[in-house]
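The values are calculated or read from the model by the stated rules, or taken from the named source; none is laboratory data. Since the structure is predicted, the reported quantities are computational estimates derived from the model, not experimental observations. Neighbour counts are summed over all protein chains in view; Cβ atoms, including those assigned to glycine, are modelled from backbone coordinates with ideal geometry. The accessibility values were calculated without ligands, DNA or RNA, using every heavy atom of the protein model including side chains. Shrake-Rupley method; radii C 1.70, N 1.55, O 1.52, S 1.80 Å.
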Amino acid sequence: MADCGDEAQAELSDKEKKDIAVWFLSNAPVGEISYVAKDIRTLLGDDKLYDIAASEAFPRHNKAHLLTLELPDRSGDVIITVHGEIGKNQYLEPRSAQVATVDHIKQVCTGLRPATDDELPSPYIEEFRYALDVELCKYVAEAYPKGISAVYCTRGKDIDGPGSDFDFVAIISASKKSPQNFCNGNWRSVWTFEFKDETQLVGVKGKIQIAAHYFEEGNVQLDTKNEFNDSTIFQSPEDCAVQLTNIVCHHESEYFQSLEASYLHLPDGMFKDLRRKLPITRTLFPWHNTLQFSVTRDITKELGIGK
């Protein structure tokens with residue numbers, strides 16, 4: 001017969017603890033990673049192990065949620081995304097042609113420098129990128145009060161003229177963080193534009209992700225995403241920009257309206273059922289005074305507790 005020691009679960013290794021900590025930090029809801037980190041540090045009880053986990057999880061979380069940070073000179077914001085990643089902790093802000101150095105754990109920009117010529121598109125590609133950025137900015141300003149957008153050249157940035165293919169990625173990130181009111185959420189959309197010279201078409205692929213978390217005496221989360229495909233004719237930079245922005249606007253508006261319609265038709269009790277309910281007594285459990293319950297009284301009497 002196995003003794004109690006054999007049955008006891010083996011202590012987790014430092015690697016296992018680190019991996020668990022990374023998972024919880026990486027999957028923290030938007031705007032709440034600092035609160036999760038505080039609890040993780042306490043549970044680990046090992047600052048060195050926490051630092052290792054945090055250095056791995058925070059960059060992953062920030063890039064996944066398309067975190068936006070104000071530049072040190074307050075000239076704009078940089079989006080933390082793999083599409084703008086220049087080097088370790090360095091991210092391109094294409095509109096101002098600057099590279100920001102980021103402290104992922106503190107979630108602040110700590111430095112700023114001009115982008116080099118090698119880090120920027122050629123004048124021919126920049127003409128298309130700039131035109132699209134201008135049109136997209138107009139759309140985002142109207143559709144998302146706190147939205148930030150950026151357009152990156154992800155392929156063919158050194159092309160000097162017509163005759164070759166190139167790709168852009170447009171990012172839209174809009175967050176609403178109100179932990180004092182027990183709610184946080186964000187909208188993330190990533191649009192890939194493939195400019196194909198041979199067919200004179202621009203392929204469009206889009207992915208939208210929406211997350212929301214309500215946690216006032218409960219825990220209700222929304223996490224939804226959708227993908228889109230479209231195309232338009234390869235035209236001048238200005239005409240392409242208008243057409244591509246219209247496509248983005250069309251798909252995002254249509255998706256938002258479909259979500260709104262589906263939630264309007266939910267049963268009245270749906271969200272109420274998702275919330276953590278009170279006990280049948282309609283009162284919170286009084287952990288400070290459990291003796292009022294008969295089971296507790298009976299156990300206390302049988303075991304002679306308190307005598």
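Which ones in the stretch 55-86 are of a type in the set (Gly, Ala, Ser) and within 20 Å of the chain's Cα centre (by Cα)?
Within the stretch 55-86, SER55, ALA57, ALA64, GLY76, GLY84 qualify.
Just to be sure before I move on: is ALA64 aliphatic (A, V, I, L, M), crowded, with 21+ Cβ neighbours inside 10 Å and closer than 25 Å to TRP191 by Cα in the structure I sent?
Numbers: aliphatic (A, V, I, L, M): yes; crowded, with 21+ Cβ neighbours inside 10 Å: no; closer than 25 Å to TRP191 by Cα: yes.
The answer is no for ALA64.
Here's a check for you: in the stretch 106-134, which residue that is in contact with a strand residue (DSSP E or B) (Cβ under 9 Å, 6 or more places away or on another chain) and aliphatic (A, V, I, L, M) is surrounded by the most Cβ atoms within 10 Å (Cβ to Cβ)?
Restricting to residues being in contact with a strand residue (DSSP E or B) (Cβ under 9 Å, 6 or more places away or on another chain) and aliphatic (A, V, I, L, M), the top hit is LEU132.
Checking ASN184 against (1) in contact with a Phe, Trp or Tyr (Cβ under 6 Å, 6 or more places away or on another chain); (2) surrounded by 19 or more Cβ atoms within 10 Å (Cβ to Cβ), which test does it fail?
(1) is the only condition that ASN184 fails.
So is VAL151 touching a residue at least 40 places away in the same chain (Cβ under 8 Å), of a type in the set (Val, Ile, Thr) and either in a loop (DSSP other than H, G, I, E, B) or under 30 Å from GLU254 (Cα atoms) (or both) or not?
Spelling it out, VAL151 is indeed touching a residue at least 40 places away in the same chain (Cβ under 8 Å), of a type in the set (Val, Ile, Thr) and either in a loop (DSSP other than H, G, I, E, B) or under 30 Å from GLU254 (Cα atoms) (or both).
Does ASP103 qualify as being open to solvent by 90 Å² or more (accessible area, probe 1.4 Å) and either touching a strand residue (DSSP E or B) at 6+ places or on another chain (Cβ under 8 Å) or within 26 Å of ASN186 (Cα to Cα) (or both)?
Values: open to solvent by 90 Å² or more (accessible area, probe 1.4 Å): no; either touching a strand residue (DSSP E or B) at 6+ places or on another chain (Cβ under 8 Å) or within 26 Å of ASN186 (Cα to Cα) (or both): yes.
Here the answer is no, as ASP103 does not meet what is asked.
Does the stretch 45-54 include one or more residues that are under 16 Å from the mean Cα position of the chain (by Cα) and free of Cβ contacts under 8 Å to residues at least 40 places away in the same chain?
Within the stretch 45-54, not a single residue is under 16 Å from the mean Cα position of the chain (by Cα) and free of Cβ contacts under 8 Å to residues at least 40 places away in the same chain.
Only residues in the stretch 206-228 that are closer than 28 Å to VAL151 by Cα count as the first member; pair them with residues that are open to solvent by 100 Å² or more (accessible area, probe 1.4 Å) and assigned to a strand (DSSP E or B), Cβ under 6 angstrom, at least 6 apart or cross-chain, and list the lot.
From the stretch 206-228, the pairs are LYS207/GLU227; GLN209/LYS225; ALA211/ASP223.
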